[in-house]
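Participant: Quick one: the structure is below, and I'll ask about it shortly.
The values are calculated or read from the model by the stated rules, or taken from the named source; none is laboratory data. What you see is a predicted model, and the numbers here were worked out from it, not measured in a lab. Positions of Cβ are backbone-derived with ideal geometry, glycine not excepted, and every protein chain shown enters the neighbour counts. All accessible areas refer to the heavy atoms of the entire protein, side chains included, with ligands and DNA or RNA removed. Shrake-Rupley method; radii C 1.70, N 1.55, O 1.52, S 1.80 Å.
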Amino acid sequence: MAPPKAGDQFRMPDAEFEAILTRAAEEGAKRALADVGLDGDEAALDIRDLRSLVDCIRLVRRTAIQTAVRMITTGVMLALLAGIAIKLKIFGGGP
């Protein structure tokens, strides 16, 4: 039995069309996961590990930025203290 035609187009019930789209989406998702190696029984564990790895990378990046800011701040403070010490001639009498 051929589907009814309307001009050059075939018509099908909405429910059947949605079922075809759902099946195609599921098969496409399975194929995409298989292409990147995230299929099988360990896929959920792999995805959790990847998310954990990304979280660790974000933590390292944030910590590195905080450390750099602290080092720059400490350097500026030491330079200011050295300037004050020189200005007040704390480390020996000069001319």
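Participant: Testing T67 on (1) within 30 Å of L38 (Cα to Cα); (2) open to solvent by less than 80 Å² (accessible area, probe 1.4 Å), one condition comes back false. Which one is that?
Facilitator: (1)
Participant: Is there any pair linking a residue in region 16-39 that is more than 28 Å from L50 (Cβ to Cβ) to one that is modelled with pLDDT of 95 or more and among the aliphatic types (A, V, I, L, M), with Cβ under 6 Å and at least six apart or on different chains, and which?
Facilitator: none
Participant: Against the definition (at pLDDT below 90 and assigned to a loop (DSSP other than H, G, I, E, B)), how does D46 come out, yes or no?
Facilitator: Working: at pLDDT below 90: yes; assigned to a loop (DSSP other than H, G, I, E, B): no.
For D46, the condition - at pLDDT below 90 and assigned to a loop (DSSP other than H, G, I, E, B) - is not met.
Participant: Out of A34, A85, A43, report the one residue that is surrounded by 10 or more Cβ atoms within 10 Å (Cβ to Cβ) and more than 33 Å from the chain's Cα centre (by Cα). Give the derivation first.
Facilitator: Numbers: A34 fails: more than 33 Å from the chain's Cα centre (by Cα); A43 fails: more than 33 Å from the chain's Cα centre (by Cα).
Within the list A34, A85, A43, the selection yields A85.
Participant: To continue, here is another question. Yes or no: F17 more than 19 Å from the chain's Cα centre (by Cα), at pLDDT below 95 and surrounded by 11 or more Cβ atoms within 10 Å (Cβ to Cβ)? If you could, list the steps in order and put the result at the bottom.
Facilitator: Details: more than 19 Å from the chain's Cα centre (by Cα): yes; at pLDDT below 95: yes; surrounded by 11 or more Cβ atoms within 10 Å (Cβ to Cβ): yes.
Answer is yes for this residue.
Participant: Only one residue in L33, L21 is in contact with a helix residue (DSSP H, G or I) (Cβ under 9 Å, 6 or more places away or on another chain), part of a helix (DSSP H, G or I) and of a type in the set (A, V, I, L, M). Which one? Steps first, please.
Facilitator: Values: L21 fails: in contact with a helix residue (DSSP H, G or I) (Cβ under 9 Å, 6 or more places away or on another chain).
None of the other options fit; the residue is L33.
Participant: I need the full set of residues from region 46-64 which are among the β-branched types (V, I, T) and either open to solvent by 70 Å² or more (accessible area, probe 1.4 Å) or in contact (Cβ under 8 Å) with a residue 24 or more places away in the chain (or both), in order please. Spell out how you get there, then give the answer.
Facilitator: First pass over region 46-64, keeping only residues among the β-branched types (V, I, T): 47, 54, 57, 60, 63.
Scanning region 46-64 gives I57, V60.
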